[in-house]
1. Pop a pseudo-label 7 angstrom from the Cα along the beta-carbon direction at both Leu38 and Tyr11 and give the gap in nm to one decimal.
2. Does anything in region 79-112 have its amide N under 17 Å from the 7 Å Cα→Cβ label point of Val49, and if so which residues?
3. Report the charge-dipole magnitude of region 1-103 in Debye, nearest 20, computed about the Cα centre from +1 at each Lys and Arg Cβ and -1 at each Asp and Glu Cβ.
4. May I ask you to list the lysines whose Cα is less than 25 Å away from that of Lys104, ignoring any residue fewer than eight positions away on the same chain?
5. Convert 20 °C to kelvin, take the viscosity as 1.002 mPa s, use the Kirkwood radius over C-alpha pairs of the chain as Rh, and evaluate the Stokes-Einstein diffusion coefficient in µm²/s, rounded to a whole number.
6. Which residue fluctuates the most in the chain, going by a Gaussian network model with Cα springs under 10 Å, if the choices are Phe15, Phe117, Phe91?
7. At 222 nm, what value in deg cm²/dmol follows for the chain if DSSP H runs of at least 4 each add -39500 (n - 2.57) and the sum is divided by all its residues, to the nearest 500?
8. First measure r as the distance between the Cβ atoms of His65 and Glu19, then evaluate 1/(1 + (r/R0)^6) with R0 = 25 Å and state the FRET efficiency to the nearest 0.05.
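All of the numbers you see were taken from the coordinates with simple rules; none came from a lab. What you see is a predicted model; the values in this text were computed from it and never measured. Cβ: placed from backbone, ideal geometry, glycine included. Neighbour counts: every protein chain shown.
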Amino acid sequence: MKCPVCHVPTYVVEFEQIELDLCPDCQGIWFDHGELDLLLGTSDASALVDAESDEPSRPCPLCKHKMNKVNIGPGRRVLIDSCPEGCGIWFDKDELADLAGDLKADGWHVQPSVRDFLCGMFPTKGDE
């Protein structure tokens with residue numbers, strides 16, 4: 001699969017039997033349909049709400065349709081890209097960590113291994 005942002009090939013990482021596609025350049029992450037629900041153990045936190053944004057539209061890496069900008073999380077504060085055909089969702093760098101923070105702020109208990117995974121997909125500068 002190619003990254004919808006920088007168009008380089010992604011690589012697959014498996015976490016708890018869920019395969020995610022990661023971009024080595026922009027550090028974005030693709031979740032196929034339903035994978036975030038599997039990771040979090042619920043669909044309540046991954047409900048999507050259409051959002052307005054000045055960010056450019058991106059093509060779905062699977063079906064090539066323009067993805068929609070949506071808000072996700074219990075506070076609907078995290079802006080991500082969602083395929084209108086239901087292929088999956090794209091998180092730019094740090095948006096998974098933002099979602100983990102939104103879940104915590106809303107009182108959700110996220111397993112430490114999942115939280116560490118969401119926040120630590122890529123090292124931040126100074127941690128390398």
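1. Taking the simple label geometry, Leu38 and Tyr11 are separated by 2.1 nm.
2. 79-82, 99-108
3. Details: 8 positive and 20 negative charges, 66 e Å.
Roughly 320 debye for region 1-103.
4. The qualifying lysines are Lys69, Lys93, Lys125.
5. On the way: Rh = 14.8 Å.
So the translational diffusion coefficient is about 145 µm²/s.
6. Phe15
7. On the way: 3 runs with 25 residues, N = 128.
One gets -5500 deg cm²/dmol as the mean residue ellipticity at 222 nm.
8. Working from the Cβ atoms, E equals 0.70.
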